[in-house]
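The values are calculated or read from the model by the stated rules, or taken from the named source; none is laboratory data. Since this is a predicted model, take the numbers as computed values, not measurements. Cβ placement follows ideal geometry from the backbone for every residue including glycine, while neighbour counts extend to all protein chains displayed. Calculation scope for accessible area: heavy atoms of the full protein, side chains included, ligands and nucleic acids excluded. Shrake-Rupley method; radii C 1.70, N 1.55, O 1.52, S 1.80 Å.
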Amino acid sequence: MKKNYYLTIMLLVFPFTLSAQNNSKFTFSNPDAPIEARVKDALSRMTLHEKIKILHAQSKFTSAGVPRLGIRQLNYGDGPHGVRAEVDWNSWNTAGWTNDSIVAFPSLTCLAATWNRDLSSRYGHAVSEEFAFRGKDILLGPGTTIARTPLNGRGFEYMGEDPYLAGEMALPYIIAAQKNGVACCLKHFALNNQETDRFSVNVNVGERALREIYLPAFKKCVQKGGLWTIMGSYNKWNNVYACQNDSLLNKILKQEWGFDGAVVSDWGGATDTWQVALGGLDIEMGTFTNGKTTDSSLGYNTYNLADPFETLIKEGKIPMSVLDDKVSRVLRTIFRTSMNKSKVVGSQCSEEHYATCLKIGEEGIVLLKNEKNILPLKKGTYRNILVVGDNAVRNMSEGGGSSELKTLKDVSPLEGLRAVYGDCVDFARGYYAGRPLYDNVEPLTADSLLFLKNEALEKAKKADLIIFIGGLNKNCRQDCENSDRMSYDLSYGQNDLIGELAKVQKNIIVVTYGGNAFATPWINSVKGMLHCWYLGSMSGEALANIISGKVCPSGKLPIIFAKRLSDYGFAHYGKRAYPGIDKQVYYDEGIFVGYRWFNTKGVKPQFPFGFGLSYTSFKYGKPTLSSKQISSDGTLTISLPVTNTGKVEGKEIVELFISDPVASEERPTKELKDFQKISLKPGETKNVCFTITPEHLQFWSTANHSFIVEPGIFKAYFCSNESDIRATAVFVVR
Ligand code: BGC
């Protein structure tokens, strides 16, 4: 009895004495000690082998800590739209858990289309809570790779074509997630603008395009977001793989930008021990060991940053300082995440997360056409609404590659519409897109496909309104990792089907899903069009709220929609510019990516960058400048009133573009430099104020190898979209 009594006391007291001891004895385990002191202390206690062991994977999605010292491992999870379902410790097979169903948040392109920084912060907060709850320390995302081509299979995981918008929209996500003790691992650094030949393509890009287009969003997240980890991409730059590229990782990222976190390889992106050791990589993941080797550590010891690196250190061929720098970065990451006392416990599938998901979806949907105000559809106006299209019933969280999600709840567009319009809604699939991951296999026979089409056309005759729900999906060669789209057109005969439906029924609204732009040859024969990206778990409800007018649409395009693929800058230069020849791709269009090409070369798009309609209208007033002149390192404020002149409450995104018409190097006609999203009641006016800083005026000088501001006359454009200039102001830079 007495023995048991003592045992109980010991069990209760022991953990406290141990942690008290830890606190006093080991700085690294004291959660209140400064991180740098913890790093220094831990480093001093580790053996050479322990140091090596924390630099590479120990399973598909973890890297080791130091169990002897009580230093925790790091748990990784894809990313970026929710926590991926658990896979086996040592293979890509799903682990078959029954408690890993989560909230799928809208795709990052949708988030970018909200142009709402607060929603980005809510996204980062909510999604990181789900990661924390699942025991993850590193969220593999978000992505700020620039949309160079609409064929990129991973376009939906990124934030559009403009470096300013992409950086601004990634920043709050990162800050909010890291505040919860979950590291963001920003993807994919750098120049991962296509999936075709992603493991081998070498990118040839001019210094100016690199600095002005492809790097700024990453730089902003590092410098203003305090980014903790970053993922090296698969492709090469200057013929060296990005994951082991000294110029990119050591010189630009670490030395120039001051990144103090860890560079994580994309899964299998590290190839060469010397380059990996000296080229700036800190954690090697996913190298193609299949776990079937006979050695005890299942092959992970054969990674470049494992035994081979240890040998080079032991032989004195690589200095200990190189190893210690990597180890310090990994330890810093551990103390910031898995051993951070402020890391949240998190939660999964909470009401709040669904609400955030819904809100982002609603604000990201873009109204592209609304002839005669066919939208919103007031309940009761149409008795026979026919919904046609595979995407009306498809789970679009499945497929797409590593961002695939297993959802607990997924409201389909059809369910969302039925919840509002009830029995008035009939459905015909019209076309069938097969199952995710099938590489263009049409699982239905030609007869069955014809049946689907005829059924839709027959039903269309009896309907008063058609809502066609199609677009892209997450199948292979659509919006999916590891391959690009094969065509700018929508697949599965959708263009023909929409055309034929429009002949039968003039009241037709097209709703599209997808992370990329596509051709819309039927646009003149339909009355309305909404583009939805991917909306995650609350997809149908978000769509129904916009269609019914419960929510006024306020999303705007983060990518231009060209009329045809050949209108894009890269397309002008043929195969060498995309997808490349002999695994060499040349970014010949330079800085003229997306709208920069269209506005400078005078090509008319189908839908301009930054375009999106509303159920209300806005009037922009006259801008007021704090001064008409500014020194090249000074600042200037410009404000202007914006009024809601319509009948419903709505949100307007005021886009500030700036031009520098006379410069020593050719500059785009105008470039996005800031934006603000404001909410206005009918008749209400608000003042929108922008501060112009040197960052808004600069360009990369190839002669100076730096950003410069050249004196001269600059023009500010206040736009509702890139092509719709509502007000201008001129100022002089001295
Ligand atoms: C993808 C990454 C992903 C990783 C782990 C890679 O193939 O490119 O984005 O995070 O796999 O799933």
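When the residues of the range 369-413 are filtered to those that are open to solvent by less than 70 Å² (accessible area, probe 1.4 Å) and polar (S, T, N, Q), the one that is nearest to the chain's Cα centre (by Cα) is SER403.
Of all residues in the range 187-220, those satisfying the criterion of being open to solvent by less than 10 Å² (accessible area, probe 1.4 Å) and more than 17 Å from ASP266 (Cβ to Cβ) are ALA209, LEU210, ILE213, LEU215, ALA217.
Among the residues of the range 247-288, write down those that are of a type in the set (Ser, Thr, Tyr), within 16 Å of the ligand (Cβ to nearest atom) and surrounded by fewer than 20 Cβ atoms within 10 Å (Cβ to Cβ). Passing the criteria: only THR271.
If the condition is being part of a loop (DSSP other than H, G, I, E, B) and within 18 Å of ALA166 (Cα to Cα), then the range 100-130 contributes PHE105, PRO106, SER107, TRP115, ASN116.
Check whether at least one residue in the range 131-146 is within 26 Å of CYS349 (Cα to Cα), within 16 Å of the ligand (Cβ to nearest atom), assigned to a loop (DSSP other than H, G, I, E, B) and open to solvent by 10 Å² or more (accessible area, probe 1.4 Å), and report yes or no. Checking the range 131-146: at least one residue is within 26 Å of CYS349 (Cα to Cα), within 16 Å of the ligand (Cβ to nearest atom), assigned to a loop (DSSP other than H, G, I, E, B) and open to solvent by 10 Å² or more (accessible area, probe 1.4 Å).
Every condition in (1) open to solvent by 20 Å² or more (accessible area, probe 1.4 Å); (2) under 15 Å from LYS136 (Cα atoms); (3) within 24 Å of the chain's Cα centre (by Cα) holds for TYR76 except the one numbered (1). Might you let me know whether the range 447-455 holds any residue that is in contact with a helix residue (DSSP H, G or I) (Cβ under 8 Å, 6 or more places away or on another chain), more than 16 Å from the ligand (Cβ to nearest atom) and aliphatic (A, V, I, L, M)? So far as the range 447-455 goes, no, none of its residues is in contact with a helix residue (DSSP H, G or I) (Cβ under 8 Å, 6 or more places away or on another chain), more than 16 Å from the ligand (Cβ to nearest atom) and aliphatic (A, V, I, L, M).
Selection within the range 247-270: residues that are farther than 15 Å from LYS219 by Cα and in a loop (DSSP other than H, G, I, E, B). The member of this set that is farthest from the chain's Cα centre (by Cα) is ALA270.
Taking the range 223-246 as the search range and keeping residues that are of a type in the set (Gly, Ala, Ser) and within 16 Å of the ligand (Cβ to nearest atom), which one is farthest from VAL182 (Cα to Cα)? Among them, the one singled out is ALA242. Considering only the range 30-52, I want to know if a residue exists there that is within 16 Å of the ligand (Cβ to nearest atom), surrounded by 15 or more Cβ atoms within 10 Å (Cβ to Cβ) and of a type outside the set (A, V, I, L, M). No, every residue in the range 30-52 fails to be within 16 Å of the ligand (Cβ to nearest atom), surrounded by 15 or more Cβ atoms within 10 Å (Cβ to Cβ) and of a type outside the set (A, V, I, L, M).
Looking only at the range 306-361, count every residue that is touching a strand residue (DSSP E or B) at 6+ places or on another chain (Cβ under 6 Å), in a helix (DSSP H, G or I), open to solvent by less than 10 Å² (accessible area, probe 1.4 Å) and of a type outside the set (A, V, I, L, M, F, W, C) and tell me the total. Counting residues in the range 306-361 that are touching a strand residue (DSSP E or B) at 6+ places or on another chain (Cβ under 6 Å), in a helix (DSSP H, G or I), open to solvent by less than 10 Å² (accessible area, probe 1.4 Å) and of a type outside the set (A, V, I, L, M, F, W, C) gives 1.
Scanning the range 473-520 for residues that are within 16 Å of the ligand (Cβ to nearest atom) and not charged (D, E, K, R), we see that the one that is nearest to ALA112 (Cα to Cα) is GLY515. Which residues, taken from the range 176-200, are in contact with a helix residue (DSSP H, G or I) (Cβ under 9 Å, 6 or more places away or on another chain), within 13 Å of the ligand (Cβ to nearest atom) and of a type in the set (Lys, Arg)? Correct list: LYS187 only.
Go through the residues of the range 583-602 one by one and say whether even a single one is of a type in the set (Asp, Glu) and surrounded by 22 or more Cβ atoms within 10 Å (Cβ to Cβ). Yes, the range 583-602 has at least one match. Scanning the range 554-571 for residues that are open to solvent by 30 Å² or more (accessible area, probe 1.4 Å) and among the hydroxyl-bearing types (Ser, Thr, Tyr) yields a single hit, SER566. When SER720 is tested against (1) without any contact (Cβ under 8 Å) to a residue 12 or more places away in the chain; (2) surrounded by 13 or more Cβ atoms within 10 Å (Cβ to Cβ), just one condition goes unmet, and that condition is (1). Yes or no: GLY399 of a type outside the set (Lys, Arg) and in contact with a helix residue (DSSP H, G or I) (Cβ under 7 Å, 6 or more places away or on another chain)? So GLY399 does not fit the description; no. Among residues that are more than 23 Å from ARG596 (Cβ to Cβ) and touching an Asp or Glu at 6+ places or on another chain (Cβ under 9 Å), PRO172 is included.
Among the residues of the range 45-97, the ones that are of a type in the set (S, T, N, Q) and within 22 Å of LEU278 (Cα to Cα) come to 3 in all. Of all residues in the range 463-483, one or more are of a type in the set (Gly, Ala, Ser), touching a strand residue (DSSP E or B) at 6+ places or on another chain (Cβ under 9 Å) and under 23 Å from SER397 (Cβ atoms). Among the residues of the range 678-692, just one is among the aliphatic types (A, V, I, L, M) and open to solvent by 10 Å² or more (accessible area, probe 1.4 Å), namely ILE678. Got a sec? Which of ILE498, ILE466, ILE523, ILE509 is in contact with a helix residue (DSSP H, G or I) (Cβ under 6 Å, 6 or more places away or on another chain) and either among the hydrophobic types (A, V, I, L, M, F, W, C) or without any contact (Cβ under 8 Å) to a residue 12 or more places away in the chain (or both)? Within the list ILE498, ILE466, ILE523, ILE509, the selection yields ILE466.
Given the condition on the phi > 0 side of the Ramachandran plot, part of a loop (DSSP other than H, G, I, E, B) and at pLDDT 95 or above, answer yes or no: does some residue in the range 561-569 qualify? No, there is no match, as no residue in the range 561-569 is on the phi > 0 side of the Ramachandran plot, part of a loop (DSSP other than H, G, I, E, B) and at pLDDT 95 or above. I'd like the full set of residues that are open to solvent by 30 Å² or more (accessible area, probe 1.4 Å) and assigned to a helix (DSSP H, G or I), limited to the range 522-553. Selection gives ASN524, SER525, GLU541. Just give me the residues in the range 225-235 being surrounded by fewer than 24 Cβ atoms within 10 Å (Cβ to Cβ) and more than 23 Å from SER328 (Cβ to Cβ), in sequence order. Listed by number, the list holds a single entry, TYR234. For the range 60-89, a tally of residues being within 14 Å of the ligand (Cβ to nearest atom) and in a loop (DSSP other than H, G, I, E, B) returns 11. Kindly evaluate ASP118 against the criterion of being open to solvent by 10 Å² or more (accessible area, probe 1.4 Å) and modelled with pLDDT of 95 or more. Here the answer is yes, as ASP118 does meet what is asked. Among the residues of the range 486-499, is there at least one that is under 29 Å from GLN676 (Cα atoms) and either open to solvent by 10 Å² or more (accessible area, probe 1.4 Å) or within 21 Å of the chain's Cα centre (by Cα) (or both)? Within the range 486-499, none of the residues are under 29 Å from GLN676 (Cα atoms) and either open to solvent by 10 Å² or more (accessible area, probe 1.4 Å) or within 21 Å of the chain's Cα centre (by Cα) (or both). Residues TRP97, TRP92: which one is more than 23 Å from ALA217 (Cα to Cα), open to solvent by 10 Å² or more (accessible area, probe 1.4 Å) and within 13 Å of the ligand (Cβ to nearest atom)? Of TRP97, TRP92, the one residue that is more than 23 Å from ALA217 (Cα to Cα), open to solvent by 10 Å² or more (accessible area, probe 1.4 Å) and within 13 Å of the ligand (Cβ to nearest atom) is TRP92.
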